[in-house]
Amino acid sequence: MAVKDRILILGPTGAIGRHIVWASVKAGNPTFVLVRNTPGSNNRVNLVKAANPETKEELIESFKNSGVNLIEGDMNDHESLVKAIKQVDVVICAFGRLLIEDQLKIIAAIKEAGNVKRFFPSEFGLDVDRHDSVDPVREVFVEKARIRRIIEAEGVPYTYLCCHAFTGYFLRNLAQIDITVPPRDKVFILGDGNVKGAFVTEADVGTLTIEAANDPRALNKAVHIRLPNNYLTMNEIVSLWEKKIGKTLEKTYVSEEKVLEDIKEASFPNNYLLALYHSQQIKGDAVYEIDPAKDLEASEAYPHVKYSTVDEYLNQFV
């Protein structure tokens with residue numbers, strides 16, 4: 001049996017990083033994480049905390065018990081970053097939106113190390129080269145697209161991971177603001193509710209990311225996670241939920257004009273979440289054609305992966 005690539009995950013205790021770590025371990029890849037010796041933050045917004053209840057300290061202990069190799073280092077210490085990267089074959093970055101520009105330091109370290117077979121920059125959302133989003137999301141996508149162009153210009157081998165909508169952020173509340181469980185009385189639906197969106201659990205993103213990391217076909221391509229049973233409109237999702245609870249919800253359809261107005265008036269994180277919802281539910285940014293020359297559709301490339309469906313995900317809230 002061929003020896004599997006050694007994988008380094010940066011941002012391993014974040015909302016998606018933790019799932020990539022666990023998937024890497026499960027797949028049998030020698031797994032490394034870069035950690036700083038600092039306490040985790042407890043100042044997470046309700047929706048994020050509900051979807052990711054473990055603390056940084058709990059996660060690191062879990063990593064240790066799972067055989068993960070912990071490397072102490074700091075993004076701002078170039079020497080320690082290069083040293084960490086020299087120990088692995090694949091680097092996966094799972095930084096949050098505020099640290100996107102810090103990936104320039106990773107690119108510089110990868111270039112100096114000279115041994116990396118593949119770099120996954122921190123995307124894990126909509127395809128940043130295919131979107132019609134508004135601020136504050138648009139400015140983040142523009143920055144991510146700039147990172148892509150720098151990676152390509154520097155000749156760093158890459159895979160871009162486009163997973164669209166996390167169930168923990170989009171489905172656990174049916175894309176409603178200021179609640180953390182699906183509503184049982186009334187629901188606000190952006191637009192007409194008939195635009196297809198792509199939904200996926202964070203755990204399945206981890207699994208499919210590692211599938212791509214171990215797949216030579218994904219080299220210098222974007223991998224798109226649009227799973228057939230989870231490629232649904234909001235009207236279809238609400239209908240699924242209504243059947244589960246045996247009740248018809250009062251539906252209010254919100255015009256794009258009103259959504260854009262609400263985005264401008266809201267503060268973070270609501271303005272950011274609304275802009276994400278707008279991008280997928282109204283602008284249809286998960287609806288596009290695949291270009292085989294530069295894209296892979298995950299469900300076609302990895303049909304053996306059994307994923308959690310939207311229907312199954314919603315069962316936990318009944």
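What the table below lists for this structure:
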{"read-out": "Where only C-alpha atoms are counted, convex hull volume of segment 230-283 per residue in Å³", "value": "101 Å³"}
{"read-out": "Long-range HN-HN contacts of Phe32 with modeled amide H, under 5 Å", "value": "Ile7, Leu8, Ile9, Asn69"}
{"read-out": "Å² per residue, accessible surface of the chain at 1.4 Å", "value": "45 Å²"}
{"read-out": "Residues with amide H under 5 Å from that of Thr201, placed H, sequence gap 5 or more", "value": "Thr167, Ser308"}
{"read-out": "Dimensionless Rg over Rh [segment 127-238; C-alpha; Kirkwood]", "value": "1.02"}
{"read-out": "From phi via Karplus (6.51, -1.76, 1.60), per-residue ³J(HN,Hα) for segment 223-229 in Hz, x at Gly/Pro", "value": "9, 10, 9, 10, 6, x, 6"}
{"read-out": "Dipole-positive endmost among Met75, Phe268, Val140 within the chain (Cβ charges, Cα centre)", "value": "Met75"}
{"read-out": "Neighbour net charge for Tyr302 - beta-carbon separation under 13 angstrom, K R +1, D E -1", "value": "-2"}
{"read-out": "The chain: calculated mean residue ellipticity at 222 nm from DSSP helix runs of at least 4, using -39500 (n - 2.57)", "value": "-10500 deg cm²/dmol"}
{"read-out": "In Hz, Karplus ³J(HN,Hα) per residue of segment 87-103 (6.51, -1.76, 1.60; θ = phi - 60°; x = Gly, Pro)", "value": "8, 10, 10, 10, 10, 10, 9, 10, 5, x, 4, 7, 10, 4, 5, 5, 5"}
{"read-out": "Accessible carbon and sulfur surface of the chain relative to its total accessible area, %, 1.4 Å", "value": "50 percent"}
{"read-out": "Contact order relative to length of the chain, as percent, for alpha carbon pairs under 8 angstrom and 6 or more apart", "value": "19 percent"}
{"read-out": "Amide proton proximity set for Arg118, modelled H, under 5 Å, gap of 5+", "value": "Val91"}
{"read-out": "Helix 17-27 vs. the chain, principal-axis angle (Cα, 0 to 90°, nearest 10)", "value": "60 degrees"}
{"read-out": "Computed P(r) (all Cα pairs; the chain; 20 Å bins; percent)", "value": "32, 59, 9"}
{"read-out": "Within the chain, percent of DSSP bridges classed antiparallel, to nearest 5", "value": "5 percent"}
{"read-out": "Residue (of Val318, Val305, Asn230) at the positive-pole extreme of segment 223-318, dipole from beta-carbon charges", "value": "Val318"}
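The values are calculated or read from the model by the stated rules, or taken from the named source; none is laboratory data. The shown structure was predicted, so the numbers you read here are calculated from the model rather than taken from an experiment. With ideal geometry, Cβ positions are generated from the backbone for all residues, glycine too; neighbour counts draw on all protein chains shown. These area figures cover heavy atoms from the full protein model, side chains too; ligands, DNA and RNA do not enter into them. Shrake-Rupley method; radii C 1.70, N 1.55, O 1.52, S 1.80 Å.
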